Amino acid sequence: MRNRARGGELIKEARRKAALTQLQLARRLGTGQSVIVRWERGERSPTVETVRRCLAVCGFDLDTRLVARTPSGVDAGAIGRLLQLSPTKRLELAAAEAASLRAFDDAIAGL
């Protein structure tokens with residue numbers, strides 16, 4: 001429901017910042033107040049173009065950008081903890097990990 005309601009949340013925020021009532025916004029858009037109510041409550045999902053139009057009527061633009069998702073299996077917390085370490089400590093950990101991997105590789109090669 002969160003993603004579905006997001007368009008309505010943007011419309012509501014823009015409408016309030018523009019000091020418009022739902023009825024005033026509806027009239028400017030040429031639609032009924034009940035439509036605005038359903039969008040803002042998340043009962044109906046406005047299209048991106050509808051959201052853009054509503055925001056424009058309120059004096060705002062919709063700024064969209066492409067954001068990369070974190071690949072599955074990536075532990076952002078672990079990365080953050082590593083970045084808190086000094087570069088020297090990170091190199092020491094990497095060298096120890098490399099040694100462990102070499103030992104593992106040697107062990108399975110001997111099987």
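What follows draws every value from the coordinates through simple rules; no lab data is involved. Everything numeric in this text was worked out from a predicted model, so none of it was measured. Cβ atoms come from the backbone with ideal geometry, glycine included; neighbour counts cover every protein chain shown.
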Go through (1) surrounded by 10 or more Cβ atoms within 10 Å (Cβ to Cβ); (2) part of a loop (DSSP other than H, G, I, E, B); (3) among the hydrophobic types (A, V, I, L, M, F, W, C) and name the single condition Leu91 misses.
-> (2)
Name the pairs whose Cβ atoms lie under 7 Å apart, with the first residue in segment 88-111 and under 23 Å from Ala78 (Cα atoms), the second in a helix (DSSP H, G or I), and 6 or more positions between them or separate chains?
-> Arg90/Leu82
Lys12 being crowded, with 17+ Cβ neighbours inside 10 Å and basic (Lys, Arg) | yes
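Does at least one position in segment 45-67 carry a residue that is more than 30 Å from Gly7 (Cβ to Cβ), surrounded by fewer than 10 Cβ atoms within 10 Å (Cβ to Cβ) and free of Cβ contacts under 8 Å to residues at least 40 places away in the same chain?
We begin by selecting, within segment 45-67, every residue more than 30 Å from Gly7 (Cβ to Cβ); these are none.
Looking through segment 45-67, none of the residues is more than 30 Å from Gly7 (Cβ to Cβ), surrounded by fewer than 10 Cβ atoms within 10 Å (Cβ to Cβ) and free of Cβ contacts under 8 Å to residues at least 40 places away in the same chain.
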